[in-house]
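The values are calculated or read from the model by the stated rules, or taken from the named source; none is laboratory data. Being a predicted model, the structure only gives us computed values, none of them experimental. No Cβ is skipped: glycine too gets one built from the backbone with ideal geometry, and neighbour counts run over all protein chains shown.
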Amino acid sequence: MNRTCPPDEALSALADDALPAEARTEVLTHSARCPLCAARLAELRALHDAFLALPAVSLQVDLGARVIARLQAEAEPAAQAPRAPGWRARWLALVRSLSAQPLNLSPYAGATAALVMGLWLGGMLLEVEDPPSQPWPPSPNVTLAAMSLFDAVPPGNLCPRADACGPIGSAQ
Amino acid sequence: MSDARAALDADDVARARVGDMAAFADLVRRHQERVFRFILRMLDARDEATELTQDVFVKAWQALPDWRPEASFSTWLLQIARNAALDQLRRRQIVQFAPLEDGMDVADAAPGPEARYASRQQQERLDRALQRIAAEHREILLLREVEGLAYGELARVLGIAEGTVKSRLARARAALLEHFHPQAGATHE
Ligand SMILES: [Zn+2]
């Protein structure tokens, strides 16, 4: 690369079409007569094409139903023993087996299942003799309190543990 | 993302925030493929990526009260996904550059004449090369080149300044190009 060549950063931004008009013209003009920069630019553009050509990946699972089943299951207060464990267990097994199906069900099937599930669970809670200690439907906060999957670390935070939090050096 | 889709998201988020799980399920379905695609290429492990994608949505449900309309829901999700993927890599203790032996490239074994074959070869080499660069470089390349995030969105997802986005992208591309040499004509079938 020559002394007059634009920095790699400028070529990279040009490939992204992210340079201001004036800088863009400058870099393009330079590249038109500099084989080094022209080659680099071509390489960056070919890289972009290669990314676009990556094969599509697909989940092939209806995560909507799965996630809701998980939220529902984890929202159940652990301390509160179910009055009809047989029913509940059977129902959860049914939901899990349904949600484990690949997404060749109607797209509405999952939503319907989730709705039915919500009504059913809601009704069940109302039937419990002890008044439920949580409002229904549960707010995300209530659900949060009942879950132990994640630390109480807000999104955007990279701390592996809550007590390990600090400015993230690697982000800069 | 289209405005219509963003409006749909905002509507579903509003309903989900007051506990409407059906609305949240709609959000999950609308965004699951994008989150999965990103995580899969970050982790290079399908089952792990499927699990983690679920975790991301559970975490998103928990964090819904924190969502602000300034960020598109999609970008916000990618931010959670990105953090989850890095955490997972950290658990694997390979978040830092994990050098592989040179010569592991798929290419040059028995290059066939067909463009289709060359294309698949190139895809495999790119996938392989992506796993050889630092996670910090892999994530920004995936978010830019595959997910098409603008510089401002990259800054938000990665928690860095826009100027840093520009320089990190350039470094990431340089790093990738050390392991991967795109061939003109091999990218299209
Ligand atoms: Zn030059």
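Just to be sure before I move on: is residue B:169 under 18 Å from residue B:37 (Cβ atoms), in contact with a Lys or Arg (Cβ under 8 Å, 6 or more places away or on another chain) and at pLDDT 95 or above in the structure I sent?
Values: under 18 Å from residue B:37 (Cβ atoms): no; in contact with a Lys or Arg (Cβ under 8 Å, 6 or more places away or on another chain): yes; at pLDDT 95 or above: yes.
Judged against the criteria, residue B:169 is not a match.
When you go through B:23, B:6 one by one, which is the residue that is buried (at least 18 other Cβ atoms within 10 Å of the Cβ) and small (Gly, Ala, Ser)? I'd like the intermediate steps shown before the answer.
Working: B:6 fails: buried (at least 18 other Cβ atoms within 10 Å of the Cβ).
On inspection, the qualifying residue turns out to be B:23.
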Matching residues in region A:3-16 (of a type in the set (S, T, N, Q) and more than 9 Å from the ligand (Cβ to nearest atom)) number 1
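Evaluate the following for residue B:12: is it touching a helix residue (DSSP H, G or I) at 6+ places or on another chain (Cβ under 7 Å), within 23 Å of residue A:60 (Cβ to Cβ) and within 8 Å of another protein chain (Cβ to nearest Cβ)?
On the way: touching a helix residue (DSSP H, G or I) at 6+ places or on another chain (Cβ under 7 Å): yes; within 23 Å of residue A:60 (Cβ to Cβ): yes; within 8 Å of another protein chain (Cβ to nearest Cβ): no.
No; evaluated as a whole, the condition is false for this residue.
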Residue pairs within 8 Å by beta carbon, gap of at least six or interchain, first lying in region A:31-60 and farther than 21 Å from residue B:149 by Cβ, second away from the ligand (no atom under 16 Å from the Cβ) and of a type in the set (A, V, I, L, M), listed first then second, are A:42/B:184; A:43/B:177; A:60/A:103
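What number of residues within region A:1-14 satisfy the criterion of being more than 8 Å from chain B (Cβ to nearest Cβ) and either part of a helix (DSSP H, G or I) or not hydrophobic (A, V, I, L, M, F, W, C) (or both)? It would help to see each step written out before you state the result.
Taking region A:1-14 and keeping what is more than 8 Å from chain B (Cβ to nearest Cβ), we get A:1-6, A:10, A:14.
From the residues that got through so far, the ones that are either part of a helix (DSSP H, G or I) or not hydrophobic (A, V, I, L, M, F, W, C) (or both) too are A:2-4, A:6, A:10, A:14.
Qualifying residue count, region A:1-14: 6.
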Of those in region B:63-78 that are surrounded by fewer than 22 Cβ atoms within 10 Å (Cβ to Cβ) and within 7 Å of chain A (Cβ to nearest Cβ), the residue nearest to residue A:74 (Cα to Cα) is B:63
Test each condition in (1) part of a helix (DSSP H, G or I); (2) within 15 Å of the ligand (Cβ to nearest atom) for residue A:74 and report the one that comes out false.
(2)
Please state which one of A:47, A:19 is facing another protein chain (nearest Cβ under 8 Å) and either among the acidic types (Asp, Glu) or more than 14 Å from the ligand (Cβ to nearest atom) (or both).
A:47
Could you list all residues from region B:15-39 that are facing chain A (nearest Cβ under 7 Å), closer than 17 Å to residue B:53 by Cβ and not hydrophobic (A, V, I, L, M, F, W, C)?
B:26, B:29, B:32, B:33, B:37
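Residues checked against (1) more than 16 Å from the ligand (Cβ to nearest atom); (2) surrounded by 18 or more Cβ atoms within 10 Å (Cβ to Cβ); (3) not in a helix (DSSP H, G or I):
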{"position": "A:26", "(1), (2), (3)": "no, no, no"}
{"position": "A:37", "(1), (2), (3)": "no, yes, no"}
{"position": "A:60", "(1), (2), (3)": "yes, no, yes"}
{"position": "A:65", "(1), (2), (3)": "yes, yes, no"}
For region B:47-78 the number of residues that are over 18 Å from residue A:67 (Cβ atoms) and either under 15 Å from the mean Cα position of the chain (by Cα) or touching a residue at least 12 places away in the same chain (Cβ under 8 Å) (or both) is 4
